[in-house]
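Data first, discussion second: the structure below is written as structure tokens.
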Amino acid sequence: VAHHLLVSHGWSLERIRANSPESEAGIVLNLTPGHAASSEEKDLDAARQFDGNFNRWFLDPLFFGEYPEDVIGDRIRYGHLDSVELPFVAPGDLEAIGTPNDFLGVNYYSRVVLEGGDDGRPRALPMGREEDRTDMGWEVYPQGLFDLLVRLHREYAPPRIYITENGAAYSDAPDSGGRIHDARRIEYLRAHLGESARAIAEGVPLAGYFAWSLLDNFEWAEGYTKRFGLVWVDYETQQRTPKESAHWYRNVVANGRVEGRLE
């Protein structure tokens, strides 16, 4: 699946540039830092495996023109591949996949902390107190965004980076007066925008940030049960009500700063 998506990405860039030479063309990846639960070799290897499969398996072909050797070795070891020859890669594929991007889009929500299981495979651990996680069960970990952006800049050097998704699911509902006090979402966005500014100060070519999401909407396997929106949607009446986070974010956009930290 990844192969076909990446090859179509290469063809799409060529078509976009042919039909709209002034347009920026790039790709968006969902990227998640993987941290080892300890300094034990099995946990370090678990983090390596996760990073290889979840992040580098997509980044390396795009920027280096090849799939990561250690991940190929893992897949041979687990019986997913017979040899280092990749049967799903046809002549010309890696050239298409490696079509230069004008930007890299990054979707970031949290990190994953991993330990090595008895079978040698990575196993994710729940992090933080349950009451501090989002309604998706994800740890709130703003520093992971900074770490990810700096790594992408140093190891892959995309010309520009956009944060194309970043946000949190919280179920805060309208009170008796119709107001929606979603302070946890405001703090989530505030912290991640602060880490974005810190990454810019480190030289990361971060060109834009998109909060996920404008409206409560359909969340994949979770359906309409998880609310990421800055705007509350009453699914029965379709009425839209801006949450306090929407008013807060409007001011951030208008002023171009978060409490003086984001220029």
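Is it true that some residue in the range 193-209 is free of Cβ contacts under 8 Å to residues at least 60 places away in the same chain, assigned to a loop (DSSP other than H, G, I, E, B), open to solvent by less than 20 Å² (accessible area, probe 1.4 Å) and touching a Leu at 6+ places or on another chain (Cβ under 7 Å)? The answer is yes; a qualifying residue exists.
Among the residues of the range 145-176, how many are of a type outside the set (F, W, Y) and outside any loop (DSSP other than H, G, I, E, B)? Walk me through how you get there before you give the answer.
Applying the first criterion (of a type outside the set (F, W, Y)) to the range 145-176 yields 145, 147-155, 157-161, 163-169, 171-176.
Still in the list and also outside any loop (DSSP other than H, G, I, E, B): 145, 147-155, 161, 163-165.
Of the residues in the range 145-176, 14 are of a type outside the set (F, W, Y) and outside any loop (DSSP other than H, G, I, E, B).
Quick test for you: out of V89, V71, V113, pick the one residue that is over 30 Å from P21 (Cα atoms) and either in contact with a Gly (Cβ under 7 Å, 6 or more places away or on another chain) or part of a loop (DSSP other than H, G, I, E, B) (or both).
Working: V89 fails: over 30 Å from P21 (Cα atoms); V113 fails: either in contact with a Gly (Cβ under 7 Å, 6 or more places away or on another chain) or part of a loop (DSSP other than H, G, I, E, B) (or both).
Step by step, each of V89, V71, V113 is checked, and only V71 is over 30 Å from P21 (Cα atoms) and either in contact with a Gly (Cβ under 7 Å, 6 or more places away or on another chain) or part of a loop (DSSP other than H, G, I, E, B) (or both).
Step by step: first the residues of the range 167-178, then only those that are open to solvent by 30 Å² or more (accessible area, probe 1.4 Å) and either without any contact (Cβ under 8 Å) to a residue 60 or more places away in the chain or touching a helix residue (DSSP H, G or I) at 6+ places or on another chain (Cβ under 7 Å) (or both), then the one that is nearest to Y108 (Cα to Cα). Which residue is that? Only one residue fits best here, namely S171. Of the residues V84, V150, the single one that is loosely packed, with under 12 Cβ neighbours inside 10 Å and modelled with pLDDT of 95 or more is V84. Within the option set E222, E244, being among the acidic types (D, E) and either closer than 22 Å to V28 by Cβ or open to solvent by 80 Å² or more (accessible area, probe 1.4 Å) (or both) holds for one residue only, E222.
Checked against (1) buried (at least 20 other Cβ atoms within 10 Å of the Cβ); (2) modelled with pLDDT of 95 or more; (3) not polar (S, T, N, Q), I97 meets all criteria but (2). Could you count how many residues in the range 213-247 are closer than 15 Å to I180 by Cβ and assigned to a strand (DSSP E or B)? Residues that pass the stated criteria total 7. Looking only at residues in the range 112-144 that are at pLDDT 95 or above and of a type in the set (G, A, S), the one that is most open to solvent (accessible area, probe 1.4 Å) is A124.
Considering only the range 116-138, state which residues are part of a loop (DSSP other than H, G, I, E, B) and farther than 23 Å from R184 by Cβ. Even if it seems obvious, please write down each step before you answer.
We begin by selecting, within the range 116-138, every residue part of a loop (DSSP other than H, G, I, E, B); these are 117-121, 126-129, 133-138.
Within the range 116-138, G117, D118, D119, G120, R121 qualify.
Summed over the range 179-192, residues that are over 19 Å from R240 (Cβ atoms) and open to solvent by 40 Å² or more (accessible area, probe 1.4 Å) total 4.
The values are calculated or read from the model by the stated rules, or taken from the named source; none is laboratory data. Being a predicted model, the structure only gives us computed values, none of them experimental. Note that we place each Cβ from the backbone using ideal geometry, even for glycine, and neighbour counts take in every protein chain shown. Note: areas computed on protein heavy atoms with side chains; ligands, DNA, RNA excluded. Shrake-Rupley method; radii C 1.70, N 1.55, O 1.52, S 1.80 Å.
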